[in-house]
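Read through the structure below, which is laid out as structure tokens, and then see the notes.
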Amino acid sequence: MRENLKNARKRAGMTQQEVADKLEIGLRHYQKIEAGETKGSFRVWDVLEDILGIHQRKLREISKNHHVPEENR
């Protein structure tokens, strides 16, 4: 799970659907990014950084208590 991303989205008062809409991607695709199941494109991370005001390196961090398959890191 990308807790920093999830928390930043919530602090911004945005739903997953609102973020997905701003990114021009589907809700399920955004949910997979937030869950750490997929990486997301450079464009997605650049836009997330802009709308959430947090450096993408911080947003991309995967929390240590959630298992993510090696190929998705």
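Numbers below:
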item: Residue within the range 3-19 that is surrounded by 15 or more Cβ atoms within 10 Å (Cβ to Cβ), out of contact with any Asp or Glu (no Cβ under 9 Å at 6 or more places or on another chain) and of a type in the set (Val, Ile, Thr) present; result: no
item: Condition check for ALA8: free of Cβ contacts under 8 Å to residues at least 40 places away in the same chain, in a helix (DSSP H, G or I), among the small types (Gly, Ala, Ser) and on the phi < 0 side of the Ramachandran plot; result: no
item: Residue in the range 29-44 that is in contact with a Phe, Trp or Tyr (Cβ under 7 Å, 6 or more places away or on another chain), part of a helix (DSSP H, G or I) and buried (at least 18 other Cβ atoms within 10 Å of the Cβ) present; result: no
item: Boolean, HIS66 is touching a helix residue (DSSP H, G or I) at 6+ places or on another chain (Cβ under 9 Å) and at pLDDT below 95; result: yes
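The values are calculated or read from the model by the stated rules, or taken from the named source; none is laboratory data. This structure is a prediction, so every number in the text was calculated from the model and none was measured. Reconstructed Cβ throughout: ideal geometry from the backbone, glycine too, with neighbour counts over all protein chains shown.
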